[in-house]
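Take a look at the structure set out below.
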Ligand SMILES: [Ca+2]
């Protein structure tokens, strides 16, 4: 009897403690939203942002966030809500209540926005010294509006030397020299077919034609100031495309789990890689890349970007992001930790035209019981249907 009474008392104490914890949670720091991937962070994750502190307002949220720069924000640190905003509109978030919304509104000339993560050595700040990595994975939940048509540039992984914070920026037109910066961007075209848009030392560049006269002179002059002179003669370099065949389409109107990976090569060898996954299915992998010639050039930046410049579009192209993660290993979409190898089935990497990519048996992209995403976010046969576009 005493034991039973003791057990009952323990139970009562447990209930009271639990209730007290809930009250403390509500009166103190805000409780994290149920279902966020950030609640189950893994050791290899460098950052995880679920935007659930959005109720703090832009400035305070940004100060506490892992991001160092914002495109679509004003010099005083506030956001232009016509370009980038935190939202708790009903149904707008994948996890919890909050997400980031880039409305590309008419009042902003239909321009998009971006948030930059850098792996700072110490507290985050623009211009910090950087910790570099040989391989980075960048995963986000993304939802394009039903009528989304266009983005100029989308999600990027980049890298520099530890003290070269800005060296990965503003290099458009220049052939990388393997010493200064490396990176890749996951873009999609007007049919929403995904592809890597990549600069690398052995890339194909344009010469002659439009790339003549003042234009190429200006480009080569700019590149020379960035230690990337046109040493192979006058040329204009734009990211080379690496696309899966058949194409893989980024759906509109629902949340998609999108992950990209970049792995640097061993200096002196062409063994670099890049890959991307859609809803946990490997959609494309590129191997044999030479991105760099020195070990000091490493990866240190992930760019949550929906870049639409002024004059690019004549209508809004809206996008929402939630649950962004940067990791040194494969992230996946949910559930128990998976390994990249588990998903890297040859069939999924380079599907023959008639094949339907299959969900790897060892890493099912299922939703954990604690998460309650909208039903449309659960991979179904409908997802497979868009993968092999005929
Ligand atoms: Ca969220």
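Of the peptides 181-193, 259-271, 130-142, the order by per-residue mean of other Cβ atoms within 10 Å, starting with the highest, comes out as 130-142, 181-193, 259-271. Expressed as a whole number of Å, what is the distance separating the alpha-carbon centroids of the range 72-137 and the range 145-188? So the separation of the two Cα centres works out to 16 Å. Per-residue Cβ neighbour counts within 10 Å put 166, 61 in the sequence 166, 61, beginning with the fewest. Counting alpha carbon pairs within less than 8 Å and at least 6 residues apart, what relative contact order, in whole percent, applies to the range 75-229? Averaging sequence separation for qualifying contacts and normalising by length gives 14 percent for the range 75-229. Between residue 190 and residue 166, the modelled labels are 3.6 nm apart [label points 7 Å from Cα along Cα→Cβ].
Working ranking of peptides 318-331, 109-122 by packing, defined as the average number of other Cβ atoms within 10 Å per residue, highest first, is 318-331, 109-122. Residues 257, 211, arranged from fewest to most other Cβ atoms within 10 angstrom of their Cβ, appear as 211, 257. Only residues of the range 188-224 count here: report those whose backbone N is under 19 Å from the spot 7 Å along Cα→Cβ of residue 314, or say none. So the set is 190-191.
Using Cβ counts within 10 Å as a stand-in for footprinting exposure, how do 50, 147 rank, fewest first?
147, 50
Distance between the pseudo-spin-label points of residue 273 and residue 294 (7 Å out from Cα toward the beta carbon): 2.7 nm. To the nearest 0.05, what FRET efficiency results for residue 124 and residue 39 with a Förster distance of 22 Å applied to their C-beta separation? The pair residue 124/residue 39 has a calculated efficiency of 0.55.
Indicate the gyration tensor shape class of the range 187-324 (rounded, prolate or oblate), computed on the Cα atoms with a ≥ b ≥ c the square roots of the eigenvalues: a/c under 1.5 is rounded; otherwise a/b larger than b/c is prolate and the rest oblate. Oblate is the answer for the range 187-324, as a/c is 1.5 or above yet b/c matches or exceeds a/b. Taking every C-alpha pair closer than 8 Å and separated by at least 6 residues, the mean separation divided by the residue count of the range 206-290 gives a relative contact order of 20 percent.
The numbers here are math on the coordinates, done by the rules we state, and not lab data. These numbers were taken from a predicted model, which means no experiment stands behind them. Cβ: placed from backbone, ideal geometry, glycine included. Neighbour counts: every protein chain shown.
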